[in-house]
Amino acid sequence: MASSGEDRRAWVPLGSLPEFADVTPLPQDDGPSPVVAIAYRDEFRETMDYFRSLYSSRELSPRSLLITTLAISFNPANYTVWQFRRQVLEALDADLTDELDFTERVAKGNAKNYQLWHHRRWVAEKLGSDAAYRELEFTRKIFYLDAKNYHAWSHRQWVLQALGGWENELDYCVQLLEEDVLNNSAWNQRYFVVTKSPLLGGLKAVRDSEVDYAIEAINMNPQNESPWRYLRGLYNDENDAWLNDSRVPSACLRVLKAKRNFKFALSTLLDLLCLGFKPNQEIRDAITSLRTPDSGEVGSDSDLAKSICSILGHEDPMRANYWTWRSSKLPQAAEV
Amino acid sequence: MEASPSPSPSSMMTVTERDQWMVEREVGRIYLLFAELPPAAQSFSLEIQRDSHIEYLTNGLRRLPPSFVSLDASRPWLCYWIIHSLALLGEPLDAELEDNVIDFLSRCQDPSGGYGGGPGQLPHLATTYAVVNSLITLGGSRSLSSINRDKVYNFLRQMKQPSGGFRMHDGGEIDVRACYTAISVASNLNILDDELAENVGDFILSCQTYEGGIAGEPGSEAHGGYTFCGLATMILINEADRLDLSRLIDWVVFRQGVECGFQGRANKLVDGCYSFWQGGTCALLQKLLPFGVSEGQGEGDESTDSIDSSLSAASNLSEQENDLKSASPQVDETCQFKHGGPQSASCSVNLGNANDNFLERRSVVGSLFNDLTLQQYILLCSQLPEGGFRDKPGKSRDFYHTCYCLSGLAVCQYSRSKHANSPPLPWAVVGPYFNLLEPIHPLHNVELSKYQEANEFFAR
Ligand SMILES: [Zn+2]
């Protein structure tokens, strides 16, 4: 009998198997003229007919477990099958470590499937904190193939919060960012770790070193949006602290002086100016030197903010409308 | 990654850089070919290949090959993607096919309420959304009255979680999609009440990330699909002002890249379906923002020349971008607050009216994103002349991308219109004016006149 998609031997009709002899297959009630009618292959149709029969009588038995395994191998997105499988597993008090193997096999075919990950979370929750290590390893394997798999990241965050295993998580983020500093999922995970890990003492305790980390990444590649957003995120709701960290305008200044790839540096300075930042002469000069002929005189800080919008409108034409809009809504604070 | 791609990928590149390099090369090649075409051929390649799309869609609505078993638990979605696409193209279904759709979808209705992915499957919020949107798009009393609203309401209440979120199905996952599909369905069917809306705003708020966009669950990465779902939900429950809208808009406008299309997340690849998820988010934000920029009141004084020249000058990506600047709207601050400004956060929330109030709002800021270049990406890079749309060059077409590329195109075309259903000026439509699609309701992504018909039907 076929056991999964990847190992499909000749199909043995289920009706010919003794364990299904007393089951009456239940066809799909598609009506006389169905739409989006899929030309089902015989194996699929027969499997689903047997599934429907056992599901409709809520038979929580080993053969029901078997039929869900088959149905999932044909279509791992059938949430009804997965939900029935969970009911069967509970009723049979099954060994759930087998279930880990099963989901790993399914993941080999398609690792971007809501049902698979939801099921895995259900299994891991039942297994408890003993499962943490295996779950972290499982997602690590997935990231080896696709370091931005959204479901796998959600799962990993759930594992850390529900089952633990934070010890090496910051190191893991470092490793992923060393491999690919443009991996925004890894930056997001880093933010998750520094804000949520019980071992690090919270965002304020690590903020100082995290600012340095982000600025180092910015210096390496000022076009990389991820560390810029990360840097801003470190001061999420604390504008005063954001305004008072002199490392931020210094980092922007370094980028401006290079006169290229300064979009995010200018955007960050604009954010600071809107919050009341008082730039020194060096920053003003650096901005002035990027001006285009039509960007007007730079006198007050308000002019400076307007000037930034104008430069960005020119240098970042994809967002020209956005920069025009930003220019039109500069707050009073910047219009001193 | 703003600069034009270097001639060859380097071994020093990271995975992100290498993948991006390959996409920029493919897209750049398409724009270069386009730039070298004579004007008549350029104009042709910007045409929506209406007949091919209609044939592709109508065939799919009838029957599908065996490979579609992977979507066997998403058949109402297939119906919605196809029927909505046809509605955007202004193509009615023939009466018999329409009856067959209504009959089939009613077989997906669970006896206890809500709709599943096929006959006999568990009711699921996402497929319930797809069914309700499909039936609204078909319109007419036979279609609309086939929905058992009381039972849908019971289903929604069963999926409601104490945290404020919703489960997708019995024993299913809790995320922002579930909130959006539940609240959109409830709003459309006029069954949205305080019990359903309770704490939904808290859940969505907990999903806005440090980047500014919205994630599927608290802690996850900001993502275009969830951002649309989260923002639309907040608008439907009258709580959008609880979000940090400035950070949200700053995040979303940066998702439009050098290829002219949108990416779903920072440093990911462009994908045509985000034309709707991100472009639609921009369109919603344009109606929420209190003041700003609008295109000149001048009657089409921005000639089509600026757009044509910007498109034909597409010899390379960065040059392309510079040229498009000339097509951007002028500042006009005179129209601030003229008409339907931001609603005050009144305590006496009338949920039933959130939709209509929102629709009546003027879009006072013009386009916050680059609606013209986005149309160009959809038409030149996502559209297939043989019918259907795709994620990006090199991928194959599918109904999902066809639906969301067309929806994104409609969002762009009406993005600068003062009112939801006023016809756009010629220069707002890239390609010939007969490319103009039907307008949508931006919160539910259903064709606007059909939304209005259903709204009246369910008000009774
Ligand atoms: Zn896509």
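The values are calculated or read from the model by the stated rules, or taken from the named source; none is laboratory data. Bear in mind the structure is a predicted one, so any value in this text is a computation, not a measurement. All Cβ positions, even for glycine, are placed from backbone atoms using ideal geometry, and neighbour counts span all protein chains on display. Ligands, DNA and RNA are stripped out before the accessible areas are found, and what is left, the full protein with its side chains, is counted by its heavy atoms. Shrake-Rupley method; radii C 1.70, N 1.55, O 1.52, S 1.80 Å.
Residue by residue, here is whether (1) assigned to a helix (DSSP H, G or I); (2) open to solvent by less than 30 Å² (accessible area, probe 1.4 Å) holds:
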| site | (1), (2) |
| --- | --- |
| A:MET48 | yes, yes |
| A:TYR55 | yes, yes |
| A:LEU60 | no, no |
| A:VAL81 | yes, yes |
| A:PHE84 | yes, yes |
| A:GLN87 | yes, no |
| A:ALA91 | yes, no |
| A:ASP98 | yes, no |
Here are B:SER396, B:SER382: which of them is open to solvent by less than 20 Å² (accessible area, probe 1.4 Å) and either within 15 Å of the ligand (Cβ to nearest atom) or modelled with pLDDT under 95 (or both)?
B:SER382
Restricting attention to the stretch A:173-202, which residues are away from chain B (no Cβ under 14 Å) and in a helix (DSSP H, G or I)?
A:VAL174
Where residues in the stretch A:146-170 are of a type in the set (A, V, I, L, M, F, W, C), part of a helix (DSSP H, G or I) and under 20 Å from B:GLN263 (Cα atoms), which of them is least open to solvent (accessible area, probe 1.4 Å)?
A:ALA152
I'd like the full set of residues that are of a type in the set (A, V, I, L, M), open to solvent by less than 10 Å² (accessible area, probe 1.4 Å) and not in a loop (DSSP other than H, G, I, E, B), limited to the stretch B:173-196.
B:VAL176, B:ALA178, B:ALA182, B:ILE183, B:VAL185, B:ALA186, B:LEU196
Can you give me the number of residues within the stretch B:226-253 that are open to solvent by 10 Å² or more (accessible area, probe 1.4 Å) and within 12 Å of chain A (Cβ to nearest Cβ)?
6
Scan the stretch B:199-224 for residues that are in contact with a Cys (Cβ under 7 Å, 6 or more places away or on another chain) and more than 10 Å from chain A (Cβ to nearest Cβ) and report the count.
4
Scanning the stretch B:399-443 residue by residue, the ones that are away from every other protein chain (no Cβ under 14 Å) and more than 16 Å from the ligand (Cβ to nearest atom) total 29
Just need a number here: residues in the stretch B:401-435 that are hydrophobic (A, V, I, L, M, F, W, C) and surrounded by fewer than 20 Cβ atoms within 10 Å (Cβ to Cβ).
2
B:GLY113, sole failed condition from (1) open to solvent by 10 Å² or more (accessible area, probe 1.4 Å); (2) outside any helix (DSSP H, G or I)
(1)
Exclusive hit being of a type outside the set (Val, Ile, Thr) and either within 14 Å of chain B (Cβ to nearest Cβ) or under 23 Å from the mean Cα position of the chain (by Cα) (or both), set A:LEU253, A:LEU231, A:LEU304, A:LEU243
A:LEU231
Could you say whether any residue in the stretch A:94-101 is of a type in the set (S, T, N, Q), more than 28 Å from B:THR127 (Cβ to Cβ), free of Cβ contacts under 8 Å to residues at least 40 places away in the same chain and away from chain B (no Cβ under 13 Å)?
yes
Can you work out which of the residues in the stretch A:32-46 that are open to solvent by 30 Å² or more (accessible area, probe 1.4 Å) and small (Gly, Ala, Ser) is farthest from B:LEU105 (Cα to Cα)?
A:ALA39
Please go through the stretch A:200-219 and give me each residue that is of a type in the set (A, V, I, L, M, F, W, C), within 24 Å of the chain's Cα centre (by Cα) and open to solvent by 30 Å² or more (accessible area, probe 1.4 Å), ordered by number.
A:LEU200, A:LEU203
Looking at (1) open to solvent by 10 Å² or more (accessible area, probe 1.4 Å); (2) touching a residue at least 40 places away in the same chain (Cβ under 8 Å), can you tell me which one B:PHE262 breaks?
(1)
Could you run through the stretch B:225-256 and say how many residues are within 14 Å of the ligand (Cβ to nearest atom) and in a loop (DSSP other than H, G, I, E, B)?
1
Residues of the stretch B:344-360 being at pLDDT 65 or above and buried (at least 18 other Cβ atoms within 10 Å of the Cβ), in sequence order, are B:ALA354, B:ASN355, B:PHE358, B:LEU359
